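Peer 1: Take a look at the following structure, please.
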Amino acid sequence: MSENENATVSVEPRPEVAEAAAAEPAIPSSEGEAAEAASAAVAAQVSGTEPAEAAEEEKSAEPVPAEAEGAPAKAPRAKKSRRGKRRPGKVDEVVPPTPEEIAGIPSDAVRAAVEAGHPVEGIVIGWNQGGFHVAVDGVTGFCPRSSMEIGHPKEPAQYLDKKLVFRVLRVEDKGHRLVLSHAAMLREERKQRAEELRRKMTLGSVLKGRVISLTDFGAFVDLGGVEGLIHVSEIRHQRVAHPKEALEVGQEVEAQVIKLASGGDRVSLSLRALEPDPWQGVAERFPAGAKFSAKVLRKSDFGWFLELEPGVEGLLHHSQLQPGMNAEDPRLAPGETLEGFVREVDAKRKRLSLSLRETPTHDPWQGVEGRYSEGMVVKGKVEKVERFGAFVELEPGLTGLLPNSEMGLPRGANVARVYPVGKEVKLQVAQVDVRRRRISLTIEGKTLEGSRSDYQAFVKQSRRSTGLGAMAAALEKLRLPQR
């Protein structure tokens with residue numbers, strides 16, 4: 001200390017100044033001298049010492065100044081503190097007081113509470129950089145900043161003049177100083193609420209909580225002592241890439257318990273379970289064959305996912321693109337709108353199969369022989385070209401094959417140039433195989449020699465002339481007597 005400071009400490013205060021200081025309450029202005037002065041005033045009232053002496057007790061040990069120049073320097077030595085020796089321990093660890101420390105507590109109520117291990121009430125009267133000064137029924141107390149709240153404490157001024165409940169961690173200065181923790185009481189209350197919540201919690205319970213953290217896979221929610229997880233797939237019926245798209249830390253939410261494990265220590269929650277299911281009635285709104293208008297969401301290895309309604313997605317497979325449309329078509333970019341037809345609906349599995357081609361509402365192969373007889377001239381549109389021929393769409397869901405051998409083109413000709421995708425052509429039905437669901441086509445005007453149609457025509461002609469089948473007519477001829 002400087003000579004001026006020593007002089008200030010040694011001067012006896014005037015009676016009128018001392019009385020005024022005792023009558024006027026300490027008002028801490030910042031984390032500085034005002035807070036230290038307030039703590040010193042409380043210590044003075046409790047121990048009967050002068051304020052300056054109490055302030056000296058709160059200060060840490062200071063090094064002794066070196067000797068005059070030329071004298072050998074001595075190592076700094078710490079001043080002896082009047083406090084009792086502190087026992088090192090963990091944060092908020094309660095150190096049992098000795099009988100001497102308990103006996104030295106000047107307040108009967110505080111002494112009885114400490115002896116029984118009960119919490120105490122105190123009023124925050126000031127603070128400094130390390131924590132808060134607390135008056136506990138006339139006993140000086142100190143609550144470290146890290147022991148005021150669970151997590152980061154609020155602004156110090158928000159605790160001023162507040163009456164709070166504390167757990168006594170240690171008794172020091174032979175009973176004249178208490179080390180307190182308000183966070184320990186909060187943890188105890190939190191633990192009690194958590195145990196009560198676990199007893200009441202059941203599957204399907206709707207609970208309120210606060211989002212405390214966000215991860216790539218979900219959001220953690222504080223339910224009041226118990227943490228629950230909302231998986232990213234349980235946030236909304238719509239697809240959510242990351243929880244931060246829908247939630248933020250500190251947000252109050254209401255969620256439903258969908259899974260309990262480890263005796264209630266692991267709780268799975270859902271927000272979308274409390275929302276109306278958009279798939280209810282989807283089969284009535286989007287029946288097979290119905291037209292749709294949807295927005296492209298994203299591309300996958302096997303197609304594109306389209307959003308028909310918020311929360312209702314369908315798959316457009318590669319094979320269901322329009323003729324001549326490929327995967328690089330700009331109309332398939334995310335955000336674009338497409339129109340097409342619903343192929344299949346599975347409301348139970350929440351799946352929709354979509355197509356950009358017109359989709360039949362019934363099986364097109366039923367009665368196909370009556371609609372496409374062999375030799376019949378038909379119109380169609382080239383759907384795709386392969387190395388062995390061209391597929392031609394005759395009607396929605398019904399496709400025929402025009403083989404290379406039936407095109408009448410010279411060997412080595414460019415089939416795709418003659419029959420480009422999307423071209424309308426007029427062809428002739430060469431054969432219909434209902435069992436294998438195949439229709440063979442040929443160019444218009446070609447004679448079908450020795451085909452199945454010739455055999456069918458012969459059978460029909462035989463039935464008209466004899467009224468019997470070919471085999472039956474031969475047997476009847478053998479039964480007749482020879483003339």
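Peer 1: I want to confirm something. Restricting to the range 309-327 and keeping residues that are more than 30 Å from L229 (Cβ to Cβ) and at pLDDT 90 or above, which single residue is surrounded by the most Cβ atoms within 10 Å (Cβ to Cβ)?
Peer 2: Ranking the qualifying residues of the range 309-327, first place goes to L316.
Peer 1: Assuming V296 fulfils every condition listed in (1) closer than 17 Å to V342 by Cβ; (2) out of contact with any helix residue (DSSP H, G or I) (no Cβ under 8 Å at 6 or more places or on another chain); (3) not in a loop (DSSP other than H, G, I, E, B) apart from one, which condition is it?
Peer 2: (2)
Peer 1: Turning to a different aspect of this structure: The conditions are (1) of a type in the set (S, T, Y); (2) surrounded by fewer than 18 Cβ atoms within 10 Å (Cβ to Cβ); (3) touching a strand residue (DSSP E or B) at 6+ places or on another chain (Cβ under 6 Å), and S355 fails exactly one of them. Which is it?
Peer 2: Every condition holds for S355 apart from (2).
Peer 1: Show the residue pairs that are 6+ apart or on different chains and have beta-carbon atoms under 7 Å apart, the first residue being within the range 117-134 and surrounded by fewer than 16 Cβ atoms within 10 Å (Cβ to Cβ), the second being basic (K, R).
Peer 2: Close Cβ pairs (under 7 Å, with a partner that is basic (K, R)) amount to E121/K163; G130/R145.
Peer 1: Here's another thing I want to ask about it. Hey, does the range 273-292 have a residue that's among the polar types (S, T, N, Q) and outside any loop (DSSP other than H, G, I, E, B)?
Peer 2: no
Peer 1: A further question follows. Using the structure shown, decide if L269 is modelled with pLDDT under 90 and in a strand (DSSP E or B).
Peer 2: no
Peer 1: Continuing with the same structure: Could we say that F132 is touching a His at 6+ places or on another chain (Cβ under 6 Å), part of a strand (DSSP E or B) and over 30 Å from K259 (Cα atoms) here?
Peer 2: no
Peer 1: One residue is enough: does the range 442-465 have a residue meeting the conditions within 26 Å of Q320 (Cβ to Cβ) and at pLDDT 85 or above?
Peer 2: no
Peer 1: For P144, indicate whether it is under 22 Å from R187 (Cβ atoms), under 43 Å from the mean Cα position of the chain (by Cα), at pLDDT 90 or above and surrounded by fewer than 21 Cβ atoms within 10 Å (Cβ to Cβ).
Peer 2: Here the answer is yes, as P144 does meet what is asked.
Peer 1: Kindly evaluate P364 against the criterion of being modelled with pLDDT of 85 or more, assigned to a loop (DSSP other than H, G, I, E, B), touching a strand residue (DSSP E or B) at 6+ places or on another chain (Cβ under 7 Å) and not hydroxyl-bearing (S, T, Y).
Peer 2: When the stated conditions are applied, P364 does not pass them.
Peer 1: Would you say K426 is modelled with pLDDT of 80 or more, surrounded by 12 or more Cβ atoms within 10 Å (Cβ to Cβ) and either in the same structural domain as P323 (by TED's automatic domain parsing) or among the charged types (D, E, K, R) (or both)?
Peer 2: no
Peer 1: Quick check: is even one residue across the range 253-262 part of a loop (DSSP other than H, G, I, E, B) and modelled with pLDDT under 95?
Peer 2: Taking every residue of the range 253-262 in turn, none turns out to be part of a loop (DSSP other than H, G, I, E, B) and modelled with pLDDT under 95.
Peer 1: Residue by residue through the range 292-350, note down the ones that are closer than 24 Å to I235 by Cβ and polar (S, T, N, Q).
Peer 2: Passing the criteria: only S300.
Peer 1: Same structure, new question: Only residues that are part of a loop (DSSP other than H, G, I, E, B) and in contact with a Lys or Arg (Cβ under 8 Å, 6 or more places away or on another chain): list them for the range 92-128, please.
Peer 2: D92, V94, V95, P97, G104, I105, P119, listed by residue number.
Peer 1: Check G141 against each of (1) in contact (Cβ under 8 Å) with a residue 12 or more places away in the chain; (2) part of a loop (DSSP other than H, G, I, E, B) and name the one condition it does not meet.
Peer 2: Going through (1) in contact (Cβ under 8 Å) with a residue 12 or more places away in the chain; (2) part of a loop (DSSP other than H, G, I, E, B) one by one, G141 breaks only (2).
Peer 1: Let me ask you something else. Let me confirm something: among E307, E284, which residue is under 24 Å from the mean Cα position of the chain (by Cα) and of a type outside the set (F, W, Y)?
Peer 2: E307
Peer 1: Answer yes if at least one residue in the range 332-349 is touching a residue at least 12 places away in the same chain (Cβ under 8 Å), under 30 Å from I439 (Cα atoms) and of a type in the set (S, T, Y), and no otherwise.
Peer 2: no
Peer 1: So, in the range 403-435, exactly how many residues are assigned to a loop (DSSP other than H, G, I, E, B), closer than 16 Å to K446 by Cβ and among the hydrophobic types (A, V, I, L, M, F, W, C)?
Peer 2: Of the residues in the range 403-435, 2 are assigned to a loop (DSSP other than H, G, I, E, B), closer than 16 Å to K446 by Cβ and among the hydrophobic types (A, V, I, L, M, F, W, C).
Peer 1: Still on this structure, please answer the following. Out of (1) assigned to a strand (DSSP E or B); (2) free of Cβ contacts under 8 Å to residues at least 24 places away in the same chain; (3) of a type outside the set (A, V, I, L, M, F, W, C), what's the single condition that is false for S319?
Peer 2: Looking at each condition in turn, S319 falls short on (1).
The values are calculated or read from the model by the stated rules, or taken from the named source; none is laboratory data. Just so we're clear, the structure is a prediction, and the values are computed from it rather than from any experiment. No Cβ is skipped: glycine too gets one built from the backbone with ideal geometry, and neighbour counts run over all protein chains shown.
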